[in-house]
1. Filter the trypsin sites (Lys or Arg not before Pro) in segment 8-76 down to the DSSP loop ones having no more than 13 other Cβ atoms within 10 Å, then list what survives.
2. For the chain, set up a Gaussian network in which alpha carbons nearer than 10 Å are linked by springs, and say which option among 17, 120, 82 fluctuates the most.
3. Does a label point 7 Å from the Cα of residue 107, set along Cα-to-beta-carbon, have any residues of segment 53-85 with amide nitrogen under 19 Å, and which are they?
4. Which listed residue (56, 84, 32) has the Cα farthest towards the positive end of the charge dipole for the chain, taking +1 on Lys and Arg C-beta and -1 on Asp and Glu C-beta about the Cα centre?
5. Helix-only estimate, please: 222 nm mean residue ellipticity of the chain, summing -39500 (n - 2.57) across DSSP H runs of length 4 or more and dividing by its residues, to the nearest 500.
6. If you average 1/r over every pair of different alpha-carbon atoms in the chain and take one over that average, what Kirkwood value in Å do you get?
7. How high is the relative contact order of segment 55-130, in percent, counting Cα pairs under 8 Å that sit 6 or more residues apart?
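Each reported figure results from applying straightforward, stated rules to the coordinates on display, with no laboratory input. None of the values given here were measured: they were computed from a predicted structure. All Cβ positions, even for glycine, are placed from backbone atoms using ideal geometry, and neighbour counts span all protein chains on display.
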Amino acid sequence: MKPVLPITKLLGAIAVVVLVLAFGRRDPVQWVIAAGVAVALAGWAARDLIAPVRLSADTSGITMLTGFAHRHHVAWPQVERVRVDSRDRRGLRSRLLEIDTGDSLHLFSTNELGAEPEEVADALNALRSNAPL
């Protein structure tokens, strides 16, 4: 994960507090909303710093980070498909690694993976094909 993302989220939390200090001194609703946004951004940044690795794999299967810091292991026989979902929207291309386990779908962005989704998908599929049944 790029270290600039958690720092940007923390700066966003600080900016929200500074803006409400500058413009919302008398309105308690603005304070409540600003506090909620600042806490959410700080929590999101903390998750990025505490658990930067979202996905790992070995011969037994894939371990994914779910929620704030809960690790969920999925054995290779439970993995139905690993692929890259690529979409063009409004001139921007998004690519996500998609891991389908039948009852749930797990999506990972380039920022969460720390590598290109295509490279990770190729590595996972190679590991999956070499894994013992």
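1. Sites meeting the loop and neighbour criteria: 25, 26.
2. It is 17.
3. 54-55, 64-68, 80-85
4. Most positive-ward Cα: 32.
5. Result for the chain, helices only: -15000 deg cm²/dmol.
6. After inverting the pairwise mean of 1/r, the radius is 17.1 Å.
7. About 24 percent, as a whole number.
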